[in-house]
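Undergrad: Sharing a structure here in structure tokens format.
The values are calculated or read from the model by the stated rules, or taken from the named source; none is laboratory data. This structure is a prediction, so every number in the text was calculated from the model and none was measured. So basically every Cβ, Gly included, is an ideal-geometry build from the backbone, and we count neighbours across all protein chains shown.
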Amino acid sequence: MNVPLAARSVGIAAAVTALGLLAAPTASAEPDDVTVDIVGEDNAVVMGVRYDAPGAVVCIMAVVPEDGTVAVATVGPTIVMDGDDVDLEAAVEPGDYTVQWSCSSVPAFEQWGTTPPMTAGTATPVAVTVTGTPGSGGSGNPFGS
């Protein structure tokens, strides 16, 4: 049976479109899919991250002295998988700090965080106070926990 060329082209185009729709992501992350809790503990700054969407986020935390502009500690990038709770922890000297952070979803590449490091932040940097000295706990691990 001979099928006109125009009909075959339309059929092929419909099949390619259907395959493209099947390959497209079915959902994207929402603003409340990332939960971040930042605290100053006895001898460290801890950023707890929870991600509640399929996939993962990659997070970074920078701890900047309240009266400075250069980070005294940077932790990450750290990967947080769907449903996981992960702590990014930096041991620092006693003092007042501002915590800047960002998380980016994989593979959708949606972003959450503060300005800086982002150019258009979704959150305000967090002020924390650390009262203890490093070495009395806390990991300061540059790769997260």
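Undergrad: Might you check whether a residue that is among the polar types (S, T, N, Q) and either under 21 Å from PRO116 (Cβ atoms) or modelled with pLDDT of 95 or more (or both) occurs anywhere in region 39-53?
TA: Looking for residues that are among the polar types (S, T, N, Q) and either under 21 Å from PRO116 (Cβ atoms) or modelled with pLDDT of 95 or more (or both), one finds none in region 39-53, hence no.
Undergrad: Follow-up. When the residues of region 81-106 are narrowed to those that are over 20 Å from GLY40 (Cα atoms) and under 12 Å from the mean Cα position of the chain (by Cα), which ends up surrounded by the most Cβ atoms within 10 Å (Cβ to Cβ)? Talk me through it step by step, then tell me what you get.
TA: Our first condition is that a residue be over 20 Å from GLY40 (Cα atoms); within region 81-106, this holds for 81-84, 104-106.
Now drop any that are not under 12 Å from the mean Cα position of the chain (by Cα), which leaves 81-82, 104-106.
Details: MET81: 12, ASP82: 13, SER104: 19, SER105: 21, VAL106: 13.
Filtering region 81-106 for residues that are over 20 Å from GLY40 (Cα atoms) and under 12 Å from the mean Cα position of the chain (by Cα), the one surrounded by the most Cβ atoms within 10 Å (Cβ to Cβ) comes out as SER105.
Undergrad: Of the residues VAL92, VAL70, VAL63, only one is free of Cβ contacts under 8 Å to residues at least 24 places away in the same chain and under 16 Å from ALA127 (Cα atoms); which? Working first, answer last.
TA: Values: VAL92 fails: free of Cβ contacts under 8 Å to residues at least 24 places away in the same chain; VAL63 fails: free of Cβ contacts under 8 Å to residues at least 24 places away in the same chain.
Within the list VAL92, VAL70, VAL63, the selection yields VAL70.
Undergrad: Take region 93-122 and flag every residue that is of a type in the set (A, V, I, L, M, F, W, C) and modelled with pLDDT under 90.
TA: Of the residues in region 93-122, the ones of a type in the set (A, V, I, L, M, F, W, C) are 99, 101, 103, 106, 108-109, 112, 118, 120.
Selection gives VAL106, ALA108, PHE109, MET118, ALA120.
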